[in-house]
Amino acid sequence: MTSLARLADAGFVTGAPTPAARTEAEKAMIAKARRIAKIAAEHAADVDARSRFPQEAFDALKQERLLGIMVPAAQGGEEASLATIAEICTTLAQACASTGMIYAMHQIKASSLVVHCGDDPWHAGFMTRIAREQLLLASATTEGGGVGGDLRSSICGVVLEGEDFSLEKEGCLISYGAQADAILITSRRTPEAPPSDQVMSVLIKDQYRLERSHVWDTMGMRGTCSDNFTLAGRAPAKQIIPTPFAEIAAQSMLPHAHLLWASVWYGIAAEAVARAESFVRGEARKKPGSTPPGALRLAELLVRLQQFKGLIIAGLDRYERVRGDADELSSMGFVVAMNSIKVAASQSVGEIVSQAFLICGIQGYRNDSPASLARLMRDALSAPIMINNDRILGNTSNLLAVYKHDPSLSR
């Protein structure tokens, strides 16, 4: 039994955020994810040490057909709820944060197609391929030349040439770019368009070439293989998503990214708490009848984890209630709420792992201990800089100049 399972059995913490009711098909998906998590856990240390793609886990995810579960039933997918996908992200992240994060990023890209492209013939057909062939989707939204992580600004532009288009994007960080089957890439609508007048295009692996310019060598999330590339591609113009990227960013990318990333970070935090709980139990067995010094801190830590879980549940619930309302999804109130979830979740994961360190002491600090928290902490430290919190808070502060926060519990 894993440390997290023992913690759940003790009644301290359940799995990821879940809806009140889940279909049998969704329960089966989660059961598959739990089996795959064991594979991910087996290879997590090697993925981290070698900064390599978690191939074994993704071979299993494809084999179990979990990559296309967001795709609508009309296109051959399972049409899984966001809450179910969030739980799968958490389950995988408990075993290997890189595996959970890659899965989340893939589903974030799928959301752009699912939310905006159901009526478009080419993209509907491509979603069918995602479900049938279990294609892995990556993203190219960052760019060199001063744009950096500002996804709402592009330097490169689409060049239309008859029925085709071409583009070249330099200095873009593309997580698992070398392993992806397709990349969704942002650019200006035309080379002459303003930087914020953007479109998103789908390029399939044989339609682009990647030239690596920098290798991913970081503290944590090493298995995401987020190398820098120059991407050059050419494809039929019908592969450009008709919806402006401004709408895609607000109505699908923002909520899916913040909620699924938060679910990954929750998985890291839950595993850290589980290891701290196992450590405290071990200390209690050594001295029957006495309370270990870390027990009080553990009780406090479980409160923090429950608050973290509640934050994500509330966010998932709010999204489900408004997901068909384009105006509400683009509203200042909704953007502020999703931004706040991202900032709070990215701060909470590091704080929770740090508290677990205080409980486990030197055993948490060691790399060769069952209570080791070193990799979890290194992975957690990526959270505040994935779309930098300062950038998000800056955007939120601009909105708050004209938006009055609603203090009620109703939304």
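Some observations on this one:
- Region 85-97: number of residues that are open to solvent by 10 Å² or more (accessible area, probe 1.4 Å) and among the small types (Gly, Ala, Ser): 1
- Region 373-411 - residue that is more than 24 Å from the chain's Cα centre (by Cα) and over 18 Å from Ser330 (Cα atoms) and, of those, most open to solvent (accessible area, probe 1.4 Å): Leu409
- Residues that are surrounded by fewer than 16 Cβ atoms within 10 Å (Cβ to Cβ) and among the polar types (S, T, N, Q), drawn from region 208-229: Ser213, Thr218
- Helices (runs of 4 or more DSSP H) contained entirely in region 296-388, each with at least 2 residues that are closer than 30 Å to Pro244 by Cα: 326-329, 332-360
- Just one of the listed residues (Leu151, Leu136, Leu82) is under 26 Å from Gly220 (Cβ atoms) and open to solvent by 20 Å² or more (accessible area, probe 1.4 Å), namely Leu151.
Results for (1) without any contact (Cβ under 8 Å) to a residue 40 or more places away in the chain; (2) among the hydrophobic types (A, V, I, L, M, F, W, C), shown as yes or no for each residue.
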residue	(1), (2)
Thr99	no, no
Ile102	no, yes
His106	yes, no
Ser112	no, no
Cys117	no, yes
Met127	no, yes
Glu133	no, no
Ser139	no, no
Thr142	yes, no
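- Residue in region 316-323 that is within 19 Å of the chain's Cα centre (by Cα) and of a type in the set (A, V, I, L, M) present: yes
- Asp325 under 18 Å from Cys89 (Cβ atoms) and open to solvent by 10 Å² or more (accessible area, probe 1.4 Å): no
- For the criterion of being at pLDDT 95 or above, assigned to a helix (DSSP H, G or I) and among the hydroxyl-bearing types (Ser, Thr, Tyr), Ser397 fails.
- Residue match in region 112-128 (condition: out of contact with any helix residue (DSSP H, G or I) (no Cβ under 7 Å at 6 or more places or on another chain), closer than 21 Å to Ser330 by Cβ, open to solvent by less than 20 Å² (accessible area, probe 1.4 Å) and in a helix (DSSP H, G or I)): no
- Inter-residue pairs, beta-carbon under 7 Å, first under 18 Å from Leu260 (Cβ atoms) and in region 365-390, second in a helix (DSSP H, G or I) and of a type in the set (Val, Ile, Thr), 6+ apart: Asp379/Ile268; Ala380/Ile268; Ala380/Val349; Ala380/Val353; Ala383/Val349; Asn389/Val343
- Residue-level check: of (1) within 27 Å of Asn398 (Cβ to Cβ); (2) touching a residue at least 60 places away in the same chain (Cβ under 8 Å); (3) open to solvent by 80 Å² or more (accessible area, probe 1.4 Å), Asn339 misses just (3).
- Residues of region 354-365 include at least one that is among the aromatic types (Phe, Trp, Tyr) and open to solvent by 60 Å² or more (accessible area, probe 1.4 Å).
- When His256 is tested against (1) under 30 Å from Val115 (Cβ atoms); (2) surrounded by fewer than 23 Cβ atoms within 10 Å (Cβ to Cβ), exactly one condition is not met: (2).
- Test: residue in region 63-75 that is open to solvent by 10 Å² or more (accessible area, probe 1.4 Å), closer than 14 Å to Leu135 by Cα and within 18 Å of the chain's Cα centre (by Cα): yes
- When residues of region 28-37 are limited to those that are in contact with a helix residue (DSSP H, G or I) (Cβ under 9 Å, 6 or more places away or on another chain) and either hydroxyl-bearing (Ser, Thr, Tyr) or over 14 Å from Gly100 (Cβ atoms) (or both), the one most open to solvent (accessible area, probe 1.4 Å): Arg35
- For region 156-167, the criterion of being modelled with pLDDT under 95 and more than 14 Å from Ala232 (Cα to Cα) is met by at least one residue.
- Filtered residues of region 279-315 (kept if crowded, with 18+ Cβ neighbours inside 10 Å, over 27 Å from Ile85 (Cβ atoms) and in contact (Cβ under 8 Å) with a residue 24 or more places away in the chain): Phe279, Val280, Gly294, Leu298
The values are calculated or read from the model by the stated rules, or taken from the named source; none is laboratory data. Everything numeric in this text was worked out from a predicted model, so none of it was measured. Don't worry about glycine lacking a Cβ; one is built from the backbone with ideal geometry, like all the others, and counts go over all protein chains shown. Ligands, DNA and RNA are excluded from the accessible area calculation, which covers all protein heavy atoms including side chains. Shrake-Rupley method; radii C 1.70, N 1.55, O 1.52, S 1.80 Å.
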